[in-house]
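The values are calculated or read from the model by the stated rules, or taken from the named source; none is laboratory data. Just so it is clear, the structure is predicted and the values come from calculations on it, not from any experiment. Neighbour counts are summed over all protein chains in view; Cβ atoms, including those assigned to glycine, are modelled from backbone coordinates with ideal geometry. For accessibility, only protein heavy atoms count, side chains too; no ligands or nucleic acids. Shrake-Rupley method; radii C 1.70, N 1.55, O 1.52, S 1.80 Å.
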Amino acid sequence: MGQSAREMGMGIRLRKKRFKVLLIMLLLLPLAGVGLVYAYLKGFAFLQPLIGTVYLAFGAILVMVAFELKRYQRFFYGGAAVLVGGTAIYSIPPWHEKTRPVISEAKVDILEYLPFQEGSNVMTLNEPSSFSIKDDIPVIDGDTALYPVYSAFAQAVYPEKDYDPHDSEVMSNQTGEALDNLITGKADMIFVKNLSITQLETVERAGKELISVPIGQDAFVFFVHAKNSVESLTKDEIRGIYSGWITNWKDIGGNDEPIRAFQQPADSRSQIALEWFMGNDRIMDAPQQEIASLTGTTIGEVSDYQNDKNAIGFTFRHDSTEMMKNNDIKLLKVEGIEPSDEMIKKNVYPIPAHFSVVTTGTDNPHVEAFIEWMRSKQGQEIVEKTGYVPVREWKIDE
């Protein structure tokens, strides 16, 4: 017996519905693939099972609808929920690990601090500079973090024009490249917070002698989660933590939790400061995280600070200003002394730091007078306005 027109119509509609389901799944397959690859490359490989499971569960539900398997509806929905829920539970611990607040070494967008640019955030003096340079402009370079300071120096003293931060008399090429420029004579002076032993050995091999003049004060600080009960550590306790001898907060007045002591990448200014602070004490291996490379392999790198309640990290006080805005961390006292402006000015904070202008005996005729001006009342006003502590106090009438 032949099919009626109604039955044929229903059959055609059913086939169309199944074709649409197949088409939707085929269209979503590349999207799922992109999600799997993206998760892997971004270090979220633990989410791959969840992405795959969601795709399969969604596909199974589409198949149920297409084939009108209503009697099995609760099994499809229940099975999909169990599958996705179980995979999600599997993914929660590493997801939590990845999504905790991360605090990295402060970075400066130098384009926001270009001298003589409209809308620039560079600090200005309240009065015309008492010192200026019209010709033979000294070439300055340095640590990006210090660019807001020496860009303001340049704006106060140099002639007005455009200064390309990578190819002009006012550059910012990070400490290592800036030091190379100083050694080779491409820069007359550089601004740095500290130099590593390796960098100092490079200077020595080049037969150069560095002349370093402090321009501003800072402090090397350690910070923890805001709810950590520890308020102060001694220098010996900090060295004990970072050498691996002290491993639990209960041993230094805190809760019974293992200490997770984060570090910074090698040659970062904060890590160099830690190395100087530790002296002859060996620094333990830093917590590592695995990052997927474009070649499909994984490489280990120093983990970013993640603000768990058992974590400790370090930075410079100036850099910590942005970190403190969220109130999720607190700076520790050292030997009972807090790293405040007052304690830094009085030179009583136990781990002081400063930044300097460094030369190698340049022939530029303006360098010496320029450095003297940086330490004058006007130069120190700029230092203070950019968030650092001046290296000297000035009376109102000076």
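Couple of notes before you dig in:
- Rounded to the nearest 10 square angstrom, Phe277 shows an accessible area of 20 square angstrom against a 1.4 Å probe.
- Estimated from the Cβ-Cβ distance and a Förster radius of 35 angstrom, the FRET efficiency linking Gln117 and Ser340 is about 0.55.
- Entries of Lys161/Lys377; Lys134/Lys208; Lys186/Lys345; Lys186/Lys235 with Cα pairs more than 31 Å apart: Lys186/Lys345; Lys186/Lys235
- Straight-line reach from Lys346: taking Cα to Cα under 13 Å and skipping same-chain neighbours fewer than 8 places apart, the aspartates and glutamates in range are Asp218, Glu338, Glu393.
- Restricting the GluC sites (Glu not before Pro) of segment 178-238 to loop positions (DSSP other than H, G, I, E, B) with no more than 15 neighbouring Cβ atoms within 10 Å leaves Glu209, Glu231.
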